[in-house]
1. On C-alpha positions alone, give me the angle between the axis of helix 281-293 and the longest principal axis of the chain, in degrees, nearest 10.
2. Quick check: the angle from helix 347-357's long axis to the longest principal axis of the chain, C-alpha only, nearest 10 degrees?
3. Grab every C-alpha pair in segment 124-166, bin the distances at 10 angstrom width from 0 up to the longest one, and report whole percents.
4. Percentage of Cα-Cα pair distances in segment 347-524 greater than 22 Å, rounded to whole percent?
5. How do Lys807, Lys430 rank when sorted from fewest to most other Cβ atoms within 10 Å of their own Cβ?
6. On C-alpha positions alone, give me the angle between the axis of helix 577-595 and the longest principal axis of the chain, in degrees, nearest 10.
7. At q = 0.11, 0.17, 0.18 Å⁻¹, what is the base-10 log of I(q)/I(0) for segment 1-243 according to the Debye formula with one equal point scatterer per Cα and no solvent? Please give it to two decimals.
8. Mind ordering 307-314, 186-193, 410-417 by average Cβ neighbours within 10 Å, highest first?
Amino acid sequence: MSQQKIITLDSLSLQEIDAEADLIPLLTPEDEEEMNNEELPSDLPILPLRNTVLFPGVVIPITAGRDKSIKLLNDANASDKIIGVVSQKNEEDEDPNESQINKVGTVARILRILKMPDGNVTVILQGKKRFEIDKITATEPYLKASIKEVAEERPKDKDKEFQAIIDSVRELAIQIIKESPNIPTEATFAIKNIESNSFLVNFVSSNMNLTVVEKQELLEVNKLKDRALNTLKHMNIELQKLELKNDIQSKVRFDLDQQQREYFLQQQMKTIQEELGGVSHEAEIEEMKSKANDMDWDAKTRKHFDKEISKLQRTNPNSPDFGIQRNYLELFLELPWNKFSKDNFDLKRAQKILDRDHFGLDDVKKRIIEHLAVLKLRNDMKSPILCLTGPPGVGKTSIGKSVAEALGREYVRMSLGGLRDEAEIRGHRKTYIGAMPGRIIQSLKKAGTSNPVFILDEIDKLSVSNHGDPSSALLEVLDPEQNKEFYDNFLEMGFDLSKVMFIATSNNIANVQPALRDRMEIITMTGYTIEEKIEIAKQHLVPKQIKEHGLDNTQVVIGKKQIEKIVEGYTRESGVRGLEKKIAQVVRNTAKSIALEEEYNVKVTDEDIVNVLGPAKLERDKYENNDTAGVVTGLAWTSVGGDILFIESIISEGKGTLTFTGNMGTVMKESITIAMEYVKANASKLGINTEIFTKYNIHVHIPEGATPKDGPSAGIAMLTSLVSLLTQRKVKKNLAMTGEITLRGRVLPVGGIKEKILAAKRAKIKEIILSAENRKDIEEIKKEYVQGLTFHFVNDMQEVLELAITKDKVKFAKTL
């Protein structure tokens, strides 16, 4: 028998090995004795194996693809052909280190090396002795280690129990070969011809269907008797699995043989069901045809249905395709083809509903009323695609329910957050197992009408994966010119979405791809002012929380002053979600007192708020006056609304370097650089000694370094900070600014003005410097929002410095 056949018993087959492999003999007891007497070298190159374990005496082929492994094999083959082989703990590791390989391995001799056309190297190795890594001596160009031999404890010659175990191993191995269809029966001759007991155990352990971890555990067993016993346990498990698998396959073959017989039984069962009043497949088909006659379909849709129902009639009821086809037709019949709810065109009622449910949001309400007005006049207008974008908690999603009630339409909501499969939008093809229509079609089926108000929530949170790009799949859905024939892969024909009123929501519209943004009408929803938050809490949040906690208005009263205290001291957001949580906390405390029959204040006091919510946590958001030159208050826009930003500069003796900290992004770093170059270019005009730039270092910092900051809003604040520092003159009190600059000193307009203005007002700022081109943004804000604020509109940086920097030098000013 050839050794080639023995090698292919392993899961690692090697087609490139030719007939010359027959020269590799089976290991005899004499060969084993000679191998045991060989002296091991003290230092060996170490070859890590990904998915196999080499046992002493066993010959296996290994394919090496890593550069380190190929170099190791070539170097060893050119010298004494002896290497150390160990298995990796994790086969994913590309360059394993000492901690990522097992300590116990096998010394191996290289029998033959074959170079493959793809650049890899295939080597035939024969295990010699077990060893243990004592110390890694080198990692380049490959691993080398000092090793020590692991002695193997062999049983005595007269150990009858061990001999019985060996006989059992041999018999089980032959039985497994007979049961397994993948192992040639000739392998039994190889098992019978193995004379060495230890080689038999190692050979069987190497070729069993075990994991690398299990094989490594066998290799590390020092007592041959214990290793043989453990091998026998694994073989018993493998034999049981094979017998169970063969039993199942025989049953399946038997079932297939009985298919014709079962067909007649099914026919008889159908007749019995009809006699007992059940529904047969023919009756189901007739019921579908009856429903189809009542559907308001055009000729094309009816023709498609007739074709599909005919396909169902031709399909064997026992076939899996029958169930798929039946589900498809049931969906087809349940879809609201040309079913529309009647719109309510009472505009005054619609306005009352919108005002009742939402305080403020005038732009959104105005747009909804405009749409209703046009729809009332034309009665055939395609529904627009609105996209409400703004911070969390400002009412983007909840406004959809109010719109649906105002229009008298059904309400459907679909969350897109984290959606990464295109099939969620377009559906799967019917040919796939478990195929389903897309969530658009499913939602319309649940709504029961073809013109619901459809909320696409968190459209900016869509993801891209190897399953496709769902945002691109939405391009057809959200295009009024295309969605009249929206194609769903499961439905296999167009469905009219032109009457659906889609309302998308997002926190950051910049994350939505441009093509999708172009198909929607963007309506920006900014944050609420303190006054608006108080009214929202008074009209909506407090009554809602009192009701949800099982109380009534006689058991707890939260006054306007207390609501204002919660808003100013405990909430920082642009929306009202956090405010609602704080109100719930206060109401919950009252509910607890009532349940425990404790005394409490029905009218919540300021002391009650402090006791329940703790000390006010947001006092740091207030403006911080100081008498230090180089400190400026800027205004920033964030995803949760506006915020104030402190910019600090300091000077120290050095070589004229400019450094900055505070977790700033690229745009802010550029703003600092531009501001510094402007100061250098206009030093004499600004009254700054030019020697400063070569003898002093300047450092700019924005506090709260853990928070990333970026955006084109801090240019004038950076420049003001530098000029204040270098002239040692203070910045005017209660003043904030926002705007970007050019190298010529021109002040550029920025966005997010309303959010920034609200942040300034929360921080008790009195004066704000803006670009003259931002005047139109201020005019769009309600008068009451900007009451108490003074605005300075500037065109160039010189105006900013004249307004911001006082003539008073800082006390103890540094002489520059």
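1. 20
2. 70
3. Bin by bin from 0 Å, the calculated values are 21, 28, 28, 14, 8.
4. 43
5. Ascending Cβ contact count within 10 Å gives the list Lys807, Lys430.
6. Roughly 90 degrees between the two axes.
7. -0.56, -1.38, -1.53
8. Sorting 307-314, 186-193, 410-417 by mean packing, highest first, produces 410-417, 186-193, 307-314.
Each reported figure results from applying straightforward, stated rules to the coordinates on display, with no laboratory input. Because the structure is predicted, anything quoted here is derived from the model rather than measured. A quick note on method: Cβ atoms are made from the backbone with ideal geometry, for glycine too, and the neighbour counts reach across all protein chains shown.
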